[in-house]
Amino acid sequence: MRILKQTFLLLRKDLLLETRRRESLLTMFFFGTLLLFVFHFSFDLTPERVAEMAPALLWLAFLFTGTLGLAQLFEAERSNHCLDALLLSPMDRGALFLAKVCFNITLMVLVEIVVIPLFWILFNLRSWELIPLLFLMALLGTIGFCVLGTLLSAVTLKARARELLLPLILFPLMVPVILATIRCMESVLRAGAIGDAAPWLRLLIGFDVIFLTLGVLIFDWVIDV
């Protein structure tokens, strides 16, 4: 319970800062919607063809949008040396990791709530009843992205050109999450259920659980590197 209380307090601090500055959320929102308009005007696709490509196009937008958020994840603490004070406090380092993961998930979910319906509108898709299940699959992928991204954001925190280094390290390691999420979303769009994508769903859930647990356990060492 101690680590959960510390996580809540740190998450509350990050959310209050974001509501005052609105830097990360606005940047992610405008970048995500901009990518959708680029896709819309670049591809002349029929609704049937768009339904096949929707998972890949959506996840391409989510990946680049989420990477912008990860690049600024520790910026507020680093710019005013607040991170040093947090690390010197008797706080559990795992709570800091969980708070940053939850914060980035919150930002990405807010963007996805707007981006997914906007994608349906721009490409004239009619299967609106599938959006809740599709959003659930996207949420599981978002959790895996944020867990691994937060861990690597801490690893590259003191590196030069970290904005360039982070995606170079993150994207290859994200291949299992990307493949699993796209396969699950494809199955939802085609059959209206998980169906044959159940093994991919188990892979996605296992990835989320394993790396979330691993991140909490090793973040104490990672943040001090």
So what is the calculated 222 nm ellipticity per residue for the chain, using -39500 (n - 2.57) for each DSSP H run with n of 4 or more, over all residues, to the nearest 500 deg cm²/dmol? -28000 deg cm²/dmol
Using alpha carbon centroids, what distance separates the stretch 150-205 and the stretch 37-91, in Å? 12 Å
Counting only backbone N atoms under 17 Å from a point 7 Å out along Cα-to-Cβ of Phe171, the residues of the stretch 15-48 in range are 32, 35-36, 39
Would you please put 105-115, 136-146, 3-13 in order of how densely packed they are, using the mean number of other Cβ atoms within 10 angstrom per residue and starting with the highest? 136-146, 105-115, 3-13
Using only Cα atoms, find the angle between the long axis of helix 47-71 and the longest principal axis of the chain, and express it within 0 to 90 degrees, rounded to the nearest 10. 10 degrees
Val209 versus Ala193: modelled label distance in nm, points set 7 Å from Cα along the beta carbon direction: 2.3 nm
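State the extension gain, in nm to one decimal, for the chain segment bounded by Leu9 and Ser127, taking 0.36 nm per residue of separation less the distance between their alpha-carbons.
Numbers: separation 118, 0.36 × 118 = 42.48 nm, distance 4.00 nm.
Fully extending the segment from Leu9 to Ser127 adds 38.5 nm.
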Note: Arg21 to Ala161 extended length (0.36 nm per residue) minus current alpha-carbon separation gives 48.0 nm
Among 49-58, 171-180, the order from most to least packed when residues are scored by Cβ within 10 Å on average: 49-58, 171-180
Residue-ordered couplings for the stretch 89-103, obtained by feeding phi - 60° into the Karplus form 6.51 cos²θ - 1.76 cosθ + 1.60 and rounding to whole Hz (Gly and Pro as x), are 6, x, 6, 6, 4, x, 5, 5, 4, 4, 5, 5, 4, 5, 5
Which entry in [x] 46, 43, 31; [y] 56, 34, 30; [z] 77, 41, 33 is this structure's computed Cα extents along the principal axes in Å? [y]
Could you state the angle between the C-alpha long axis of helix 162-173 and the longest principal axis of the C-alpha atoms of the chain, as a value from 0 to 90 degrees rounded to the nearest 10? 60 degrees
Through the Karplus equation 6.51 cos²θ - 1.76 cosθ + 1.60, θ set to phi - 60°, convert the phi angles of the stretch 204-211 into ³J(HN,Hα) values in whole Hz; use x for Gly and Pro. 5, 5, x, 4, 4, 5, 5, 6
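Taken together, the values in this text are just the output of simple stated rules run on the coordinates, not laboratory data. From a predicted model like this one, the values you see are computed outputs, not experimental measurements. Neighbour counts run over all protein chains shown; Cβ positions are idealised from the backbone, glycine included.
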